[in-house]
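Notes follow the structure.
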Amino acid sequence: MSLLPYALARPFLFGLDAETAHELTLNGLARVQGTPLQWAYCSGMVDDPVTLAGLRFPNRVGLAAGLDKNARCIDAFGAMGFGFVEVGTVTPLAQPGNPKPRMFRLPQAQALINRLGFNNDGLDAFIANVQKSSFRAQGRILGLNIGKNASTPMERATDDYLLGLSGVYPHADYVTVNISSPNTRNLRALQSDEALDGLLGAIAARREALAQQTGRRVPLFVKIAPDLDDAQIAAIASALQRHGMDGVVATNTTVAREAVQGLPHAEEAGGLSGAPVLAASNRVIRTLRKALGPGFPIIGVGGVLSGADAVSKIEAGADVVQIYTGLIYRGPALVRQAALAIRKLR
């Protein structure tokens, strides 16, 4: 169990600029993972296995993509008790992302706004970091999340996703196709009917070729936005099934601001995460479950800051959940709390 209560570290971290605190934390985790110092934040993993898309998840609480974009701290997050970890989003080429400042806390709402813009060190560095991790060897599940470079024209977006898929395929338990970040210009247009059909058709064909080459079929998930109406969700659900996708991640951050109106930083551009996105995310999960039926895997993410929040996602129709902003506000203890709360549902 953790030797260092997060409540002691949080005031220091929250006294720093949000992105500075984020990078300081990741640098620290990268340095101490796999050493005796990881006992400062480690926790025993809750045993609550579930099988999705042919994969055995040791428990139903995972780390959401976006927190560890360069896959530097996979083993550190594993030590916090996550049953699965998703890292990225990675793009084929390194890119700096959007200009700073680009990450803002809204403590009154237990929320964050970020417009980082897929800042990452590129595919080669990402894969090298993944290969250093022992997480998969421990029997846990690693998801690798891919996206497009900001400089790639939208008409060539599929090329970037195919490059990403080919690169990460040998190293992933599952691959997530991120078409829902609000921080890459026009990216969400890929969720529209024609664009989505073209992208998923090309990705499915590449997956088949890679499966034949490697003798291993890696499940594909698609990450969607919370800002979709019922008709859009139904169209996406149909496309996922039509193209043989194995699951869906619901949801990314929201561009809506109704829940945080009047708060400092509320009008900053970017994606809002944390408590205010819980209801919107759960609405998308419920609508997806109705459209997809009982057997299609759904990873629920958005607004999990307590065990009750995690349970609400399962009750909405998710099979497993992911945490990002909740980890910043609640610390590593949230992982065990959420996993135990979900296990009680059995």
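The values are calculated or read from the model by the stated rules, or taken from the named source; none is laboratory data. Treat the numbers as computed from the prediction; the structure is a model and nothing was measured. Cβ placement follows ideal geometry from the backbone for every residue including glycine, while neighbour counts extend to all protein chains displayed.
A few points about this structure:
Matching residues to (1) touching a residue at least 40 places away in the same chain (Cβ under 8 Å); (2) over 30 Å from GLY117 (Cα atoms); (3) surrounded by fewer than 22 Cβ atoms within 10 Å (Cβ to Cβ):
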| site | (1), (2), (3) |
| --- | --- |
| ALA40 | no, yes, yes |
| GLY44 | yes, yes, yes |
| ALA53 | yes, no, yes |
| ARG60 | yes, no, no |
| ALA64 | yes, no, no |
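- For region 236-248, the criterion of being within 18 Å of the chain's Cα centre (by Cα), part of a loop (DSSP other than H, G, I, E, B) and modelled with pLDDT of 95 or more is met by at least one residue.
- Exactly one residue among ALA21, ALA9 is surrounded by fewer than 17 Cβ atoms within 10 Å (Cβ to Cβ), small (Gly, Ala, Ser) and either assigned to a loop (DSSP other than H, G, I, E, B) or out of contact with any Asp or Glu (no Cβ under 9 Å at 6 or more places or on another chain) (or both), and that residue is ALA9.
- On the stretch given as region 243-263, residues that are touching a residue at least 24 places away in the same chain (Cβ under 8 Å), surrounded by fewer than 21 Cβ atoms within 10 Å (Cβ to Cβ) and out of contact with any helix residue (DSSP H, G or I) (no Cβ under 6 Å at 6 or more places or on another chain) total 3.
- Within region 34-60, the residues that satisfy the criterion of being part of a loop (DSSP other than H, G, I, E, B), of a type outside the set (A, V, I, L, M, F, W, C) and either within 26 Å of LYS344 (Cβ to Cβ) or modelled with pLDDT of 95 or more (or both) are TYR41, SER43, GLY44, ASP47, ASP48, PRO49, GLY54, PRO58, ASN59, ARG60.
- Annotation: LEU163 fulfils all but one of (1) at pLDDT 95 or above; (2) more than 14 Å from THR91 (Cβ to Cβ); (3) out of contact with any strand residue (DSSP E or B) (no Cβ under 6 Å at 6 or more places or on another chain); the unmet one is (2).
- Strands (runs of 3 or more DSSP E) wholly inside region 256-346 containing at least 3 residues that are farther than 19 Å from PHE57 by Cα: 271-274
- Count - residues of region 133-161 that are surrounded by fewer than 14 Cβ atoms within 10 Å (Cβ to Cβ) and basic (Lys, Arg): 1
- Of residues in region 306-346 being β-branched (Val, Ile, Thr) and surrounded by fewer than 20 Cβ atoms within 10 Å (Cβ to Cβ), the one farthest from PRO107 (Cα to Cα): ILE314
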